[in-house]
Amino acid sequence: MASPGYLASPIEALYKNHHAWLQSWLRRRLGHAGDAADLAHDTFLRLMLAPRNVDAADEPRAFLTHVAKGLVVDLWRRREIERAYLETLQALPEPHAPSPETQLQVIEALVQIDRLLAGLAPRTRQVFLLAQLDGLSLQQISDQVAMPVITVRRHIHKALLRCLEAA
């Protein structure tokens, strides 16, 4: 119980006034009450951990839906990564399938890699993936994307630095 002189923080006020609405909005959007509850919780957690002050006085619901939409996209991306990984595992013979713990670790690593790649500029990501996944040489990438080899090298260097920062 708050004391008479207690002023709620902006996040507390947002939570008190809009949590139920946000959870309902997410439930309609996702079609799953559990996911909606988790993402409503994560929305306010993200606001609490934000490095800046939260001021959504003008349009609190628009602000909350903006944050929540990002979390919905993250959820969908994670599920797509999980689905693709599990489909790949199904193609393996049973004795070669990793343990559930290893599967979870791989999925977490794949989500982190996906997040890292999504943070790269589109051309940098394209060049990096051509080098790392397709194993193309600098010259082959240069020919394919129509940019000088030195520029290809700079893009790969930038992506590798980003990977090292994330490690």
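Computed from the coordinates by the stated procedures, all read-outs in this text should not be read as laboratory data. The structure displayed is predicted, hence computed values, not measured ones. Here Cβ is always computed from backbone atoms with ideal geometry, including for glycine, and neighbour counts include all displayed protein chains.
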**Net length gained if the chain between ARG79 and ARG115 were fully extended (0.36 nm per residue, minus Cα distance)** = 11.6 nm
**Prompt:** Hey, if you put +1 on the Cβ of every Lys and Arg and -1 on every Asp and Glu Cβ in the range 1-154, which of ALA131, TYR85, SER99 ends up farthest toward the positive end of that dipole?
**Reply:** ALA131
**Asked** So what are the ³J(HN,Hα) numbers for the range 132-148, from phi and the Karplus equation (6.51, -1.76, 1.60; θ = phi - 60°), rounded to whole Hz, Gly and Pro as x?
**Response** 7, 8, 8, x, 6, 6, 4, 5, 5, 5, 4, 5, 6, 9, 6, 9, x
**Complete:** One computes Rg over Rh for the range 1-150 from alpha-carbon atoms, with the Kirkwood Rh, and obtains 1.13
**Item:** Total formal charge among the other residues, if their Cβ is under 13 angstrom from that of ALA68, Lys/Arg +1 and Asp/Glu -1
**Value:** +2
**Asked** To two decimal places, what compactness ratio does the range 80-167 give when its Cα radius of gyration is scaled by 2.2 N^0.38 Å?
**Response** 1.31
